1. On the basis of being assigned to a strand (DSSP E or B) and farther than 21 Å from SER119 by Cα, does LEU20 make the cut?
2. May I ask you to verify whether GLY65 is out of contact with any helix residue (DSSP H, G or I) (no Cβ under 8 Å at 6 or more places or on another chain), crowded, with 20+ Cβ neighbours inside 10 Å and among the small types (Gly, Ala, Ser)?
3. Quick one: count up the residues across region 23-59 that are under 19 Å from ILE69 (Cβ atoms), assigned to a strand (DSSP E or B) and open to solvent by 70 Å² or more (accessible area, probe 1.4 Å).
Amino acid sequence: QVQLVESGGGLVQPGGSLRLSCAASGSIFNIAAMGWYRQAPGSKRELVAAINSGGDIKYADSVKGQFTISRGNSRNTVYLQMNSLTPEDTGVYYCNVHSFSRTGVFNEYWGQGTQVTVSS
């Protein structure tokens, strides 16, 4: 019943920027953390950035100073601002959410993925 809806992916030239959005909806009670993963062609899925309910943030070393993750005023929304994009940033980006139900049960949810292509 929980759904993560992503937007903002697409084709961009090297040096350009994109802003990804993810909105969680449905029977979600308490979001502990939200983050973004990516999977490049022929590679394993890797963590790009994450932010927890206390505002603590971590980034992959490869994107520090380049990407910025943030939570929206609606706490069910997370953004990823991607600047100075290079072809190595190409891949499918997935939104990820950790949450607890009303009864305290932990759950993990994934978005469907959005394609980001950096090319001239």
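The values are calculated or read from the model by the stated rules, or taken from the named source; none is laboratory data. The shown structure was predicted, so the numbers you read here are calculated from the model rather than taken from an experiment. Here the Cβ is made from the backbone with ideal geometry for all residues, glycine too, and neighbour counts use every protein chain on show. Remember, those area values only see protein heavy atoms, side chains included, never the ligands or the DNA or RNA. Shrake-Rupley method; radii C 1.70, N 1.55, O 1.52, S 1.80 Å.
1. No.
2. Taking the combined requirement at face value, the residue does not satisfy it.
3. Total meeting the criteria: 3.
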